[in-house]
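Trainee: Dropping a structure here in structure tokens format, bear with me for questions.
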Amino acid sequence: MKAFSSNKFFLILSIFFILFRLILNGCLYKTEEGVNNEKDTDQVNFFEGITNETEKKQKCFSLSYSDYFQSKCCYSDNKCNRELADGSEEECPEYSIIYNNCGMAGILQPYTVDICTGISLVQGYCCFVKTKQYGNACIRTKNLNKDKNTATDQIIAYINKIKNETEIDSVECKGCYIKYYSLLIIISVIFF
């Protein structure tokens, strides 16, 4: 009989925990890989140290469809919340129409340049591309033009393969010295 009471207690505790999770509006995230330390954006100061509104939105949007949170994470009134169905004034990430093929945006449109250019590629560059009709995308290119912030033939071909005759508003690429990294590594190995 004692075992039955113990199981009943854990069942009630589990139901309470699940209901508590449903009551919270925040998005879930983890601070450390491999440790069971899920946090809710409602429970902590999620935007600590960030003053730029655009960076806050991108940080919030980046929690969408992660391993720990299988929904859109939206931004409103300096808060990061689950997507609400009540039509409230919130900004939510949009799905990419032109597929991202680099960067950290995943299936959603990047909101800031850093989500595309924050990670260096071994062969090539990841550029933040804004289009007039189809939003933003992170697109990889092997080479840059002389003016590194213009669309290369490879970027244009990639976009036209998905959406023909798309007008490009702007392109922002970083990592101009990638081709010199291998040379630097070889020189370092020789002298050290």
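The values are calculated or read from the model by the stated rules, or taken from the named source; none is laboratory data. None of the values given here were measured: they were computed from a predicted structure. Quick reminder, even Gly has a Cβ in these numbers, built from the backbone with ideal geometry, and neighbours come from all protein chains shown.
Trainee: Just need a number here: residues in segment 129-152 that are closer than 17 Å to residue 163 by Cα and either in contact with an Asp or Glu (Cβ under 6 Å, 6 or more places away or on another chain) or outside any loop (DSSP other than H, G, I, E, B) (or both).
Mentor: Within segment 129-152, residues that are closer than 17 Å to residue 163 by Cα and either in contact with an Asp or Glu (Cβ under 6 Å, 6 or more places away or on another chain) or outside any loop (DSSP other than H, G, I, E, B) (or both) number 10.
Trainee: Based on what the data block shows, is residue 83 of a type in the set (D, E, K, R) and either closer than 15 Å to residue 29 by Cβ or at pLDDT 90 or above (or both)?
Mentor: no
Trainee: On to the next question. Can residue 119 be described as of a type in the set (A, V, I, L, M), within 28 Å of residue 167 (Cα to Cα), part of a loop (DSSP other than H, G, I, E, B) and modelled with pLDDT of 90 or more?
Mentor: no
Trainee: Residue 102 fails exactly one of the following numbered conditions: (1) within 19 Å of residue 166 (Cβ to Cβ); (2) touching a Gly at 6+ places or on another chain (Cβ under 7 Å). What is the number of that condition?
Mentor: (2)
Trainee: I need every pair where a residue in segment 133-160 that is over 22 Å from residue 119 (Cβ atoms) has its Cβ under 8 Å from the Cβ of a residue that is in a loop (DSSP other than H, G, I, E, B), sequence separation at least 6 or different chains.
Mentor: Once the first residue is over 22 Å from residue 119 (Cβ atoms) and sits in segment 133-160, its partners that are in a loop (DSSP other than H, G, I, E, B) give 133/163; 133/166; 133/167; 134/97; 134/98; 134/163; 134/166; 160/166.
Trainee: Considering only segment 111-130, state which residues are polar (S, T, N, Q), surrounded by fewer than 19 Cβ atoms within 10 Å (Cβ to Cβ) and within 16 Å of residue 148 (Cβ to Cβ).
Mentor: Within segment 111-130, 120 is the sole residue that qualifies.
Trainee: Whether any residue in segment 55-67 is surrounded by fewer than 21 Cβ atoms within 10 Å (Cβ to Cβ), aromatic (Phe, Trp, Tyr) and either closer than 30 Å to residue 173 by Cβ or in contact with a Pro (Cβ under 9 Å, 6 or more places away or on another chain) (or both) is what I want to check.
Mentor: Yes, that holds for at least one residue.
Trainee: Something else about it: For the structure I just gave you, tell me whether residue 159 is crowded, with 17+ Cβ neighbours inside 10 Å, farther than 27 Å from residue 56 by Cα and hydrophobic (A, V, I, L, M, F, W, C).
Mentor: Yes.
Trainee: Which one is farthest from residue 66 (Cα to Cα) among residues in segment 94-110 that are at pLDDT below 90 and surrounded by 20 or more Cβ atoms within 10 Å (Cβ to Cβ)?
Mentor: 103
Trainee: Next question, about the same structure. So which residues in segment 121-142 are at negative phi, in contact with a strand residue (DSSP E or B) (Cβ under 8 Å, 6 or more places away or on another chain) and not basic (Lys, Arg), if there are any at all?
Mentor: 121, 125, 126, 127, 128, 129, 131, 136, 137, 138, 139, 141 - these are the residues of segment 121-142 that are at negative phi, in contact with a strand residue (DSSP E or B) (Cβ under 8 Å, 6 or more places away or on another chain) and not basic (Lys, Arg).
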